[in-house]
Number of protein chains: 2
Amino acid sequence: MSDDTKALVRSTALRLFRERGYAATTMRAIAQEAGVATGNAYYHFASKDHLVQELYLDVTSEHAVAARAVLAQGGDLTARLRGVMLAGVDAFAEYHAFGAEFVTVAIRPGSAASPFSAESSRSRELSQDVFRELVEGASPAVPTALREELPDLLWLAQLGVTLFWVYDGSPGQRRTRTLVEGAAPLIGRLVRLSRLPVLRGAADDVLALVRAVRS
Amino acid sequence: MSDDTKALVRSTALRLFRERGYAATTMRAIAQEAGVATGNAYYHFASKDHLVQELYLDVTSEHAVAARAVLAQGGDLTARLRGVMLAGVDAFAEYHAFGAEFVTVAIRPGSAASPFSAESSRSRELSQDVFRELVEGASPAVPTALREELPDLLWLAQLGVTLFWVYDGSPGQRRTRTLVEGAAPLIGRLVRLSRLPVLRGAADDVLALVRAVRS
DNA sequence: GAGAGCATTTGAACACGTTCAACTGAACAG
DNA sequence: CTGTTCAGTTGAACGTGTTCAAATGCTCTC
């Protein structure tokens, strides 16, 4: 049946990606391992990138589950941000050897696997929801002025951390963890300070800039 | 002669890149247009990425010249940052149609064209020197505490702006210009505020983080 | 049951980046 | 002049992602 074939190709591809990485997993190998013709894989998935996108969906879901466990414990913005981002580093750790390849695929603007693409809207929204929950459930509460834009900014920050992670050759991605450990309290502090008169103007400018750039 | 052949392949490749973009410029087309065999191009350039790196070197040099003209006019940090970054947007504008492809190539960690690769050290240092000059020549002077790390941070910011630019589909890259126009005074203001007691701690944390993450 | 229409499947074919064994020709040694 | 060496050059060959005309099967209609 068609649905079975599609699921089979999908799971075979994901297994091979995990075992061999992106480049070493050829479409011919996926098809052969799944016991179908090469062209059949293309009938179900428009390109190799679309199969990678399926992998991202898997990993993102995994991260979302781990992140919600962290968020369930409450805490202030710093603790929650730190926990969610470290959970991300853990969730991605398995793929670090091939991370470079995969991010390369993801960053190509036309790619289905791009975090901004229409095809990856599901995993993007899954991830953005986590950051929205992170901000809304923080205690003490995040200043109302920031509450609307901050989730998306933190989601972007997570993309930045991921990009850093790709280039991080240190054992166990220690440098990325150091970055998160340092950046989380820094962001927490700046958010708190944003209420102060001296910083109020700068904070407003940041928000105005975000909105201007969006439209 | 060998040097002539190399120069011919190089200039042919750059011309075709400018005319057709990355993907549509095949190694066969470069070789044919240059009147040599395909393998000959590979004798002189290890890969297609290495030819792209030559294009980056060209564009970076062009930007460095424009940036120095801006810096020669003096000004404070905000004005200089704004000028240099807008000069960057102008220098890259010609390639925006294909920018996505080229940045894709550049971001691949193993790639010769990566801004962090050994192969692109020349264009990287060329670019980093501009930001060092930007900071050192600013008047009023940048706080000494920041003077060492700021150039590299601004260079990274420029990479971030470039990444944004790639995804910017607005006419004339208006959104990227808006981003620069907004971010430059914001950065200028934060650098000024960094001397204030309230922010002194946060500024120190940023510097400590940068240094911790570096090593 | 026969046939028509459509979803599914096949594998050969295409153009690509890259590799490589073989060839060329100039420079130099004896 | 002959032989040797080797940087420079050639074009066929390899494996890749992707496409496509053709074959196959499934489902509904009459």
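Computed about the Cα centre, the dipole magnitude for chain B is approximately 440 debye when only Lys and Arg (+1) and Asp and Glu (-1) carry charge, each at its Cβ. Computed over the Cα atoms of the protein assembly as shown, the ratio of the radius of gyration to the Kirkwood radius (Rg/Rh) comes to 0.98. Once C-alpha pairs closer than 8 Å and six or more residues apart are averaged by separation and normalised to the residue number of segment A:76-152, the relative contact order reads 30 percent. Its residue count N fixes a reference of 2.2 N^0.38 Å for segment A:1-45, and the Cα radius of gyration divided by that reference is 1.02.
Mean sequence separation of contacting Cα pairs (under 8 Å, at least six apart), scaled by the length of chain A, corresponds to a relative contact order of 19 percent.
Computed across segment A:47-214, the Kirkwood radius stands at 16.7 Å (inverse of mean 1/r, all Cα pairs). Entry comment: accessible area of chain A is 46 Å² per residue, from protein heavy atoms only and a probe of 1.4 Å. The helix-only estimate of mean residue ellipticity at 222 nm for the protein assembly as shown, built from DSSP H runs of length n ≥ 4 each weighted as -39500 (n - 2.57), is -25000 deg cm²/dmol after division by the residue total. Reported to the nearest whole Å, the Cα centre-to-centre distance from segment A:82-115 to segment A:146-166 is 13.
The values are calculated or read from the model by the stated rules, or taken from the named source; none is laboratory data. From a predicted model like this one, the values you see are computed outputs, not experimental measurements. We place every Cβ from the backbone using ideal geometry, glycine too, and count neighbours over all the protein chains shown. Just so you know, the surface numbers come from the protein's heavy atoms only, side chains and all, with ligands and any DNA or RNA stripped out. Shrake-Rupley method; radii C 1.70, N 1.55, O 1.52, S 1.80 Å.
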